[in-house]
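What follows is calculated from the coordinates using simple rules that are stated; it is not laboratory data. Because the structure is predicted, anything quoted here is derived from the model rather than measured. Virtual Cβ from ideal backbone geometry, glycine too; neighbours counted across all protein chains shown.
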Number of protein chains: 2
Amino acid sequence: MNEPVNNQIRLAARPVGLPKSSDWSLTQEPVRKPGAGEVVVKTHYISVDPAMRGWMNDMDSYLPKLALGDVMRALTVGEVIESHNDDLAVGDYVAGVGGVQDYAVVQGQELMKIDLGLAPLQAYLNTLGIAGLTAYCGLVKLGEPKAGQTVLVSGAAGSVGAHVGQIAKIKGCRVIGIAGGKRKCDFIVDELGFDGAIDYKSGNLFESIPQLCPDGVDIFFDNVGGDILNAALVNINHSARVVLCGGIANYNATSPNPGPAAYGMLIIRSARMEGYIYLDYQDEWPAMIKEMAAWMADGKLECPDDIVQGGVSVFPDTLLRLFSGDNFGKLMIKVT
Amino acid sequence: MNEPVNNQIRLAARPVGLPKSSDWSLTQEPVRKPGAGEVVVKTHYISVDPAMRGWMNDMDSYLPKLALGDVMRALTVGEVIESHNDDLAVGDYVAGVGGVQDYAVVQGQELMKIDLGLAPLQAYLNTLGIAGLTAYCGLVKLGEPKAGQTVLVSGAAGSVGAHVGQIAKIKGCRVIGIAGGKRKCDFIVDELGFDGAIDYKSGNLFESIPQLCPDGVDIFFDNVGGDILNAALVNINHSARVVLCGGIANYNATSPNPGPAAYGMLIIRSARMEGYIYLDYQDEWPAMIKEMAAWMADGKLECPDDIVQGGVSVFPDTLLRLFSGDNFGKLMIKVT
């Protein structure tokens, strides 16, 4: 019996503000024996997402909070190496909430089988996974884009924002992205085909948004919150949709940030601000994945993979890169 | 030729903070001769509404801003005394944007003919006018109430809030109102049939809302904004609807109030916050009026008239009563 060792990252402390390495511990244990209906998945890639910061807080959100000592929650893709489930066979590739660990033992029905004929494995954490699906659900289901409308996206060079902008272009919209720094702004215009970019680190958003959106904003897709949300609200059109995907500006706050002072624009403009999580649309994922895979094949939808080598132990430093703004594309950790 | 004199209240200055009497002037002029399609309406009642404060600012909203010297905008009901319009006859009663003046000369198609068989004239500024229609549009069209759901209403003893609570009861909801002071709280429970009341002037909303809404809030109908909006957001359920009708807490602010710090609950709960104006639903008013008139006749929907005598000259003091919180029911001025 040569039991494989399961390296795991566990929550060791509730972070105050920006997390630090000591908020997690690296542990080892043997892989648990799967029970009825369960499979053992060998992790290949771990998705590293801003939402992870919220899961560490002492508050339930759309998912229950983690307890101290729990394996850090994470989306993963991997390979089934042992199966007690009729629907999954050894050798199948699957996506699910595997956690930051080398092996996950999971009920088969909580996993989605992956079709490697459509795209390579890591695409199921990027365009065909959390990044693309989050963009698709928010933009299409909540934003309801119509040809000719103006879409403004914050966090535009991030993995969700990049997809939002490209899908909005496919839908015939004019797309302006907000990102930090010249490199990211050039990237979204030159590589992704956005119609314009605003560098929030230089200049005044209250001036640049109306300059680049002279017909106003019909859809604001927000990944950031804070001053960016407020400046966008000032420029919304009648019947605008403000899609709240995230608020990375607030995730590490140690005291409550002020909310958007301009929220009253929603009244003046008969507009809507709505939050969501892509898990709400799970029934529609297969159709969305199929549609986005076709756009990938046509060269209309792309997002670089930002893959960090080194296995689960690099998780703490990798997560922090999201909050320093220095990552580029979809951040993930390669385990195998 | 004994021309009637038109007493008018005109905007004399842009208010800073709470308006003062000198922000308006009382003027007289002869009634203008009506042109093609126009009618002369003798004002009977003038509606006094919080939204008037916003119309005085130097900013267009859902309606263009008033210019200095303009007759103060107001909804009115009155009687046609001269007609150059084929659809309206002398003696007809009409509702429209007549302004704070004794006589209005208006294009006939901008007026709604009133059926005094359904309800008395002043009801068309109350249940069958701005108050009831605002409540109906916001609660039913945006709030989408379902039997058994919990509806929380701020400004619950105000003319809009009173209607919201009663319509929500008709729809089978559990209704909690937030109002200021024991008299208003007793009124909404004892007279209007709300299931409970929270006095925002005593106690802590962050404690009282979850106490009175133990199953969370499915619809929050907000007339107030500020801390009340924030405390309500903390308690919303999954898929909740936050209906933004107004924000009286902010109308007289001289610097921007902080927005709702808890807006991120919209993400966590996949919830929606949406503004509107009842003018958006003008095509549906006749059906809504008919339905609400039937509820009035059945004794299910009522709101006291708070009628101030004295004609247009009492307008400034009357408007200020809305912001001191001492009015009760639908505030209006009797002109004739």
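Between this copy and the others, label points of B:ASP86 are 7.5 nm apart in ascending order, each placed 7 angstrom from Cα in the Cβ direction. Spin-label model, B:ALA147/A:ILE170: points 7 Å from Cα along the beta carbon direction are separated by 4.3 nm. Pull out a ≥ b ≥ c, the square roots of the eigenvalues of the alpha-carbon gyration tensor of region A:51-167, then state rounded if a/c is under 1.5, prolate if not and a/b is larger than b/c, and oblate in the remaining case. It is oblate, given that a/c is not under 1.5 and a/b is not larger than b/c.
Each other copy holds its own label point for B:SER22; taking that point as 7 Å from Cα along Cα to Cβ, the gaps run 6.3 nm, nearest first.
Enclosing the Cα atoms of chain B in their convex hull gives a volume equal to 130 cubic angstrom per residue. Calculated [222 nm] ellipticity per residue, helices only, for chain A: -5500 deg cm²/dmol; basis is -39500 (n - 2.57) per DSSP H run with n ≥ 4, divided by all residues, nearest 500. When +1 charges are put on Lys and Arg Cβ atoms and -1 charges on Asp and Glu Cβ atoms, the dipole computed for the protein assembly as shown relative to its Cα centre reaches about 920 debye.
Taking the DSSP beta bridges with both ends in region B:132-278, the antiparallel portion is around 0 percent. Taking the DSSP bridge list for the protein assembly as shown and keeping only pairs wholly inside it, about 55 percent are antiparallel.
Taking 18 Å as the straight-line reach from the Cα of A:LYS20, the aspartates and glutamates in range (excluding those fewer than 8 positions away in the same chain) are A:ASP49, A:ASP58, A:ASP70, A:ASP317, A:ASP326.
The fraction of all Cα pairs in the protein assembly as shown landing in successive 20 Å bins from 0 to the largest distance is 17, 43, 28, 10, 1, 0, given as whole percents. Shape class for region B:229-324, computed from the alpha carbon gyration tensor (a ≥ b ≥ c): oblate, with a/c not under 1.5 and a/b at or below b/c. Among DSSP bridges having both ends in chain B, what percentage is antiparallel? Round to the nearest 5. Within chain B, antiparallel bridges account for around 55 percent of the total. With the label put 7 angstrom out from Cα along the Cα-to-Cβ vector, A:GLN211 ends up 5.3 nm from the copy partners, going from closest to farthest.
Remark: for residue pairs A:LYS146/A:LYS290; A:LYS171/A:LYS300; B:LYS201/B:LYS330; A:LYS141/B:LYS171; A:LYS171/A:LYS290; B:LYS141/B:LYS290, the C-alpha separation exceeds 19 Å in A:LYS146/A:LYS290; B:LYS201/B:LYS330; A:LYS141/B:LYS171. Between the listed residues A:ASN126, A:GLY98, A:TYR263, the Cα displaced farthest toward the positive end of the dipole of chain A, a dipole computed from Cβ unit charges relative to the Cα centre, is found at A:TYR263.
Enclosing the Cα atoms of region B:132-278 in their convex hull gives a volume equal to 101 cubic angstrom per residue. For the pair B:ASP227 and A:LYS290, label points projected 7 Å from Cα toward Cβ lie 5.4 nm apart. Modelled this way, with points 7 Å down the Cα-to-C-beta line, the labels at B:THR336 and A:ARG183 are 7.5 nm from one another.
When the trypsin sites (Lys or Arg not before Pro) in region A:124-187 are filtered for DSSP coil states and for at most 14 other beta-carbon atoms within 10 Å of their beta-carbon, the remaining sites are A:LYS146.
Each part reduced to its alpha carbon centroid, region A:49-127 and region A:254-275 end up 34 Å apart.
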